[in-house]
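The values are calculated or read from the model by the stated rules, or taken from the named source; none is laboratory data. Everything numeric in this text was worked out from a predicted model, so none of it was measured. Cβ placement follows ideal geometry from the backbone for every residue including glycine, while neighbour counts extend to all protein chains displayed.
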Ligand code: SF4
Ligand code: SF4
Ligand code: SF4
């Protein structure tokens with residue numbers, strides 16, 4: 001942002017603002033790795049949790065799937081968290097991106113295209129109706145329904161196979177959000193539920209969904225449509241995450257439980273200098289300053305725990321914290337005029 005308060009577009013090769021704020025960022029990780037005991041504690045915790053779940057499920061069911069699935073996901077997350085904490089500042093985003101690619105490609109490529117599981121939301125509805133406990137069901141419960149009680153919408157920043165492509169588009173610093181456009185995600189959600197219910201309850205064509213070839217086509221067509229719409233919308237609105245804000249139906253589920261998330265971003269007001277860099281760089285258009293004013297953690301269910309705000313803060317005033325909040329519905333978002 002220059003002295004007139006205008007955001008200066010990012011030049012190729014620069015991650016954040018082309019201005020003095022960037023120069024005043026802590027030198028810690030500009031060019032050097034930051035390896036310490038502190039930076040390996042969290043990755044180790046993730047390894048411990050995921051590996052424990054892997055072996056617990058394996059011994060409970062005898063299915064080897066649980067071992068490689070949870071070990072792979074836990075290791076991918078640990079790698080990304082480790083890199084985010086240790087990489088030189090100019091490469092810091094790669095920690096999250098590497099995890100996104102590792103998990104996104106595994107989910108879509110292996111579970112979807114090789115194992116023929118319909119990982120689209122319609123596939124989840126179908127498995128739910130039929131009572132089949134497929135990998136897709138497990139995935140939706142962990143990543144999108146129950147898991148958000150702990151890690152909020154972290155899935156959207158660290159693992160989503162749609163966003164792993166979107167985050168490479170050039171419009172990282174979004175314009176303000178468009179009011180009421182988010183209603184599309186609810187229409188999308190109920191349309192998907194309606195289509196599956198129609199096939200299931202009205203037409204009774206349940207075999208259609210049991211067929212793995214149909215699941216494969218559904219997954220392929222669904223994903224291609226998502227990518228085309230998401231990239232088109234990003235281009236149109238100059239906002240990488242426009243699809244996430246307005247069209248994707250998944251947050252309809254995530255937002256219910258992520259309200260209670262134990263992990264949330266938090267601002268230390270004693271360090272904050274009100275430069276507003278955090279909210280101007282927030283890909284989800286959250287007004288962080290209003291939460292700071294009310295001495296609240298970032299309660300918005302639009303927060304995807306991407307830690308961009310933490311990375312750009314020149315005073316290291318933002319971090320992810322673990323705690324309980326009283327139930328409050330506070331959505332402070334940055335809308336256009
Ligand atoms: S909102 Fe949808 S497309 Fe965006 S990251 Fe979340 S699940 Fe992926
Ligand atoms: S939290 Fe950091 S980036 Fe945000 S306004 Fe305060 S000092 Fe600036
Ligand atoms: S508030 Fe911070 S962590 Fe949450 S979406 Fe915005 S930049 Fe990402």
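Is it the case that residue 111 is surrounded by 21 or more Cβ atoms within 10 Å (Cβ to Cβ), under 14 Å from the mean Cα position of the chain (by Cα) and closer than 22 Å to residue 165 by Cβ?
On the way: surrounded by 21 or more Cβ atoms within 10 Å (Cβ to Cβ): yes; under 14 Å from the mean Cα position of the chain (by Cα): no; closer than 22 Å to residue 165 by Cβ: yes.
Criteria not met by residue 111.
Tell me, which residue of region 275-294 that is within 16 Å of the chain's Cα centre (by Cα) and near ligand 3 (Cβ under 7 Å from one of its atoms) is nearest to residue 250 (Cα to Cα)?
284
Looking at the structure I just gave you, is residue 237 in contact (Cβ under 8 Å) with a residue 40 or more places away in the chain, under 30 Å from residue 88 (Cα atoms) and more than 11 Å from ligand 2 (Cβ to nearest atom)?
no
The rows are residues; the columns are (1) free of Cβ contacts under 8 Å to residues at least 60 places away in the same chain; (2) part of a helix (DSSP H, G or I).
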| position | (1), (2) |
| --- | --- |
| 157 | no, yes |
| 161 | no, no |
| 172 | no, no |
| 175 | no, no |
| 187 | yes, yes |
| 196 | no, yes |
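Just name the residue that is farthest from ligand 2 (Cβ to nearest atom) out of those in region 295-310 that are at positive phi and within 15 Å of the chain's Cα centre (by Cα). Reasoning before the result, please.
Just the residues of region 295-310 that are at positive phi, to begin with: 295, 305, 307.
Checking which are within 15 Å of the chain's Cα centre (by Cα) leaves us with 305, 307.
Values: 305: 16, 307: 12 Å.
Result: 305.
Could you list, ordered by first residue, the pairs with Cβ atoms under 6 Å in which the first is in region 133-148 and at positive phi and the second is within 13 Å of ligand 1 (Cβ to nearest atom) and modelled with pLDDT under 90, at least 6 apart or interchain?
Close Cβ pairs satisfying both conditions: none exist.
More than 11 Å from ligand 2 (Cβ to nearest atom) and free of Cβ contacts under 8 Å to residues at least 12 places away in the same chain: is that true of residue 326 in this structure? So that I can check it myself, show each step before the final result.
On the way: more than 11 Å from ligand 2 (Cβ to nearest atom): yes; free of Cβ contacts under 8 Å to residues at least 12 places away in the same chain: yes.
The answer is yes for residue 326.
Pairs please, first residue from region 269-286 and under 13 Å from residue 334 (Cα atoms) and in contact (Cβ under 8 Å) with a residue 40 or more places away in the chain, second anywhere and in a loop (DSSP other than H, G, I, E, B) and more than 14 Å from ligand 3 (Cβ to nearest atom), Cβ atoms under 6 Å, 6+ apart in sequence or on different chains.
280/7
So, in region 267-283, of the ones that are surrounded by 22 or more Cβ atoms within 10 Å (Cβ to Cβ) and outside any helix (DSSP H, G or I), which residue ends up farthest from ligand 1 (Cβ to nearest atom)?
Selected residue: 267.
Counting only residues that are in a loop (DSSP other than H, G, I, E, B) and touching a strand residue (DSSP E or B) at 6+ places or on another chain (Cβ under 7 Å), how many does region 308-324 have? Even if it seems obvious, please write down each step before you answer.
Within region 308-324, the subset in a loop (DSSP other than H, G, I, E, B) is 313-317, 323-324.
Subset that is touching a strand residue (DSSP E or B) at 6+ places or on another chain (Cβ under 7 Å): 317.
Of the residues in that region, 1 qualify.
Have a look at 134, 159 and point out the one that is closer than 19 Å to residue 66 by Cα and at pLDDT 95 or above.
None of the others qualify; the one that does is 159.
Given the structure, is residue 94 under 22 Å from the mean Cα position of the chain (by Cα), surrounded by fewer than 18 Cβ atoms within 10 Å (Cβ to Cβ) and either part of a helix (DSSP H, G or I) or in contact (Cβ under 8 Å) with a residue 60 or more places away in the chain (or both)?
So residue 94 fits the description; yes.
Would a scan of region 51-63 turn up a residue that is modelled with pLDDT under 90 and not in a helix (DSSP H, G or I)?
No, there is no match, as no residue in region 51-63 is modelled with pLDDT under 90 and not in a helix (DSSP H, G or I).
Being buried (at least 22 other Cβ atoms within 10 Å of the Cβ) and over 14 Å from residue 73 (Cβ atoms), is that true of even one residue in region 131-138? Don't jump to the end; show me each part of the working.
To start, the set of residues in region 131-138 that are buried (at least 22 other Cβ atoms within 10 Å of the Cβ) comprises 136.
From what's left, over 14 Å from residue 73 (Cβ atoms): 136.
Looking for residues that are buried (at least 22 other Cβ atoms within 10 Å of the Cβ) and over 14 Å from residue 73 (Cβ atoms), one finds at least one in region 131-138, hence yes.
Being more than 14 Å from ligand 2 (Cβ to nearest atom), over 15 Å from residue 175 (Cα atoms), in contact with a strand residue (DSSP E or B) (Cβ under 6 Å, 6 or more places away or on another chain) and touching a residue at least 60 places away in the same chain (Cβ under 8 Å) narrows it down to one residue among 262, 333; which is it? Break it down stepwise before answering.
Working: 333 fails: over 15 Å from residue 175 (Cα atoms).
Just one listed residue meets the conditions, 262.
Please go through region 223-238 and give me each residue that is surrounded by 12 or more Cβ atoms within 10 Å (Cβ to Cβ) and away from ligand 1 (no atom under 12 Å from the Cβ), ordered by number.
Matches in region 223-238: 232, 235, 237, 238.
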